[in-house]
Amino acid sequence: MRKGPFIFDSYALLKLFQKEKGYEKIAHLLEDIKKAGVTKYINAINVGEIIYSTKREFGNQKKIEVLANIERLNFIILSASNNLIFQAAEYKAQYSISYADCFVLASAIEYKAIVVTGDPEFKKVEQLVEIFWI
């Protein structure tokens, strides 16, 4: 396992919580992170993305379960400071990736974290951060 810390994109956690194909790789990574005592982050913007997409797709009860899982997994939820918002906006202007993904990118750079994702948009910025592809 890489040393970390790790920051999870909503793509990775949605895949895990919905038990989509390949979710086992994420579950194993989370086990390894826990055993190693490595820090794992998620940005508050990406938590919001998980909330709205889960509620829209599966309803309020599933949304509550997903939030409980995020809490249970002991993620450090990073707030969106003004500096982070401005940096994410700069990345959005420079690269053709979603604004929420720009928050993952900006947070990964700030916290020197490995991005956990399977979102192909991150191929456009993989020269900027280390990526754990799922």
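The values are calculated or read from the model by the stated rules, or taken from the named source; none is laboratory data. Only a predicted model underlies this, so the values are computations on that prediction, with no experimental measurement involved. FYI the Cβ positions are ideal-geometry reconstructions off the backbone, even for glycines, and counts take in every protein chain you see.
Report yes if some residue within the range 60-76 is surrounded by 14 or more Cβ atoms within 10 Å (Cβ to Cβ), within 20 Å of Q18 (Cβ to Cβ), among the charged types (D, E, K, R) and within 15 Å of the chain's Cα centre (by Cα); otherwise report no. Among the residues of the range 60-76, not one is surrounded by 14 or more Cβ atoms within 10 Å (Cβ to Cβ), within 20 Å of Q18 (Cβ to Cβ), among the charged types (D, E, K, R) and within 15 Å of the chain's Cα centre (by Cα), which makes the answer no.
Checking E20, E49, E31, E24 one by one, the residue that is closer than 22 Å to Y111 by Cβ and free of Cβ contacts under 8 Å to residues at least 40 places away in the same chain is E31 and no other. Could you tell me whether any residue of the range 2-19 is modelled with pLDDT under 95, assigned to a loop (DSSP other than H, G, I, E, B), closer than 21 Å to E130 by Cα and under 15 Å from the mean Cα position of the chain (by Cα)? Checked against the condition, which is being modelled with pLDDT under 95, assigned to a loop (DSSP other than H, G, I, E, B), closer than 21 Å to E130 by Cα and under 15 Å from the mean Cα position of the chain (by Cα), the range 2-19 yields at least one hit. Anything in the range 76-127 that is under 27 Å from A27 (Cβ atoms), outside any helix (DSSP H, G or I) and among the aliphatic types (A, V, I, L, M)? List them, or say none. Answer for the range 76-127, where residues must be under 27 Å from A27 (Cβ atoms), outside any helix (DSSP H, G or I) and among the aliphatic types (A, V, I, L, M): I76, I77, L78, I97, A113, I114, V115, V116. Could you run through the range 79-120 and say how many residues are crowded, with 18+ Cβ neighbours inside 10 Å, of a type in the set (A, V, I, L, M) and under 14 Å from the mean Cα position of the chain (by Cα)? Counting residues in the range 79-120 that are crowded, with 18+ Cβ neighbours inside 10 Å, of a type in the set (A, V, I, L, M) and under 14 Å from the mean Cα position of the chain (by Cα) gives 9. Within the range 111-134, the set of residues being touching a Leu at 6+ places or on another chain (Cβ under 8 Å) and over 21 Å from L13 (Cα atoms) comprises just one member, L128.
Please verify whether I45 is among the β-branched types (V, I, T), within 18 Å of K3 (Cα to Cα) and within 16 Å of the chain's Cα centre (by Cα), treating the condition exactly as stated. No; evaluated as a whole, the condition is false for this residue.
If you take the residues of the range 20-46 that are in contact with a helix residue (DSSP H, G or I) (Cβ under 7 Å, 6 or more places away or on another chain) and of a type in the set (S, T, Y), which of them is modelled with the lowest pLDDT? Across the range 20-46, the extreme among qualifying residues is Y23.
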